[in-house]
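What follows is one structure encoded as structure tokens, with my remarks underneath.
The values are calculated or read from the model by the stated rules, or taken from the named source; none is laboratory data. Predicted, not measured: the structure shown is a model, and the values here were computed from it. Using ideal geometry, Cβ is built from the backbone for each residue, glycine included, and neighbour counts are taken over all protein chains shown. These area figures cover heavy atoms from the full protein model, side chains too; ligands, DNA and RNA do not enter into them. Shrake-Rupley method; radii C 1.70, N 1.55, O 1.52, S 1.80 Å.
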Amino acid sequence: VLQLSGGNPLALGIVGALQFGPLILPLGGAVADRWPRRNILVVTQAVSAVLATILFILTAIGAVQLWHVYVLALLLGVVNMVDMPTRQAFVSEMVPSDHLLNAVSLNSAQFNVARIAGPGVGGLLIATIGIPLLFLLNAFSFLAVIVGLLLMRPAELMPVPHSDPQHGIARIRALGDGFRFIRGNKTVLITFIMVAVIGTMAVTSATFYVVMRKVWHWPKLGAGALAGFFLLVDLSFLAGNILKIAAGAWLPLLIALVVCAVFWIWTSCYAK
């Protein structure tokens, strides 16, 4: 995006908004509660592979334009709107309830290990095989997930009962029931608000670190999250308090990060 836009940070922000915007719609959870989650994940991964293949073709033939990336980012956001809640809920079908916390932590850990290794590996591959082939490799990576899902033995899964498919007003009422449950459960409500705020203000901010790549040279976000995984596994009985402490520490740390960035920009301009 930076190459296509001539280094315009606004273009990068638009892509981030298009990719993450659909996630605010509470439709993915409704889909995950209606149909078998493994089947849903196979479909979402297949569609993601198609989108990645389209981006590879456009890039390989030199026809890619910025609006192509915008459209693909929006479509990927719609896919992730269904994929992310389904994937998170599917974890509960693979392990018994007494191992669920560790399973969720392990699922988060593998994601953050990829965040640590991914930028370095990606940069090396860009330098060796180029960007188009890297998009093709990304497309093939979804096949590994699909194969893994298909190799699972359904008899050993522990699926939860799915509600009957609903349409129109009935489906809207079902969403309303979910929000009423959140409002009536203090623990769930607080967690919901914390995740909503942090997810909106913090997760998407990682997109803009690309613009400020001269400030951050190391994948500290992934390393920090991986350290949090080990802490959560060892102190699972304090999970609620850890969540409160982490959420409370996030704001001052983010402010400190912004101050450091502003200071770096000011000193760079002053030096010139």
Report, by residue number, each residue of the range 1-45 that is among the β-branched types (Val, Ile, Thr), assigned to a loop (DSSP other than H, G, I, E, B) and at pLDDT below 85. none
Take residue 141 and tell me if it is outside any loop (DSSP other than H, G, I, E, B), over 18 Å from residue 1 (Cβ atoms) and modelled with pLDDT under 85. no
Filter result for the condition that a residue is under 30 Å from residue 153 (Cβ atoms) and either open to solvent by 60 Å² or more (accessible area, probe 1.4 Å) or not small (Gly, Ala, Ser) (or both), over 50, 64: 50
Can you work out which of the residues in the range 22-41 that are open to solvent by 30 Å² or more (accessible area, probe 1.4 Å) and within 29 Å of residue 66 (Cα to Cα) is nearest to the chain's Cα centre (by Cα)? 23
Total residues in the range 121-138, condition assigned to a helix (DSSP H, G or I), over 14 Å from residue 49 (Cβ atoms) and hydrophobic (A, V, I, L, M, F, W, C): 8
Can you work out which of the residues in the range 114-132 that are open to solvent by 50 Å² or more (accessible area, probe 1.4 Å), in contact with a helix residue (DSSP H, G or I) (Cβ under 9 Å, 6 or more places away or on another chain) and within 26 Å of residue 65 (Cβ to Cβ) is modelled with the lowest pLDDT? 119
Among the residues of the range 133-154, which ones are surrounded by fewer than 17 Cβ atoms within 10 Å (Cβ to Cβ) and out of contact with any Leu (no Cβ under 9 Å at 6 or more places or on another chain)? 140, 141, 143, 144, 147, 148, 150, 151, 152, 153, 154
Number of the exception - residue 86 against (1) within 13 Å of the chain's Cα centre (by Cα); (2) under 26 Å from residue 13 (Cα atoms): (2)
Residues that are open to solvent by 60 Å² or more (accessible area, probe 1.4 Å), of a type outside the set (Val, Ile, Thr) and closer than 23 Å to residue 50 by Cα, drawn from the range 78-113: 84, 87, 88, 111
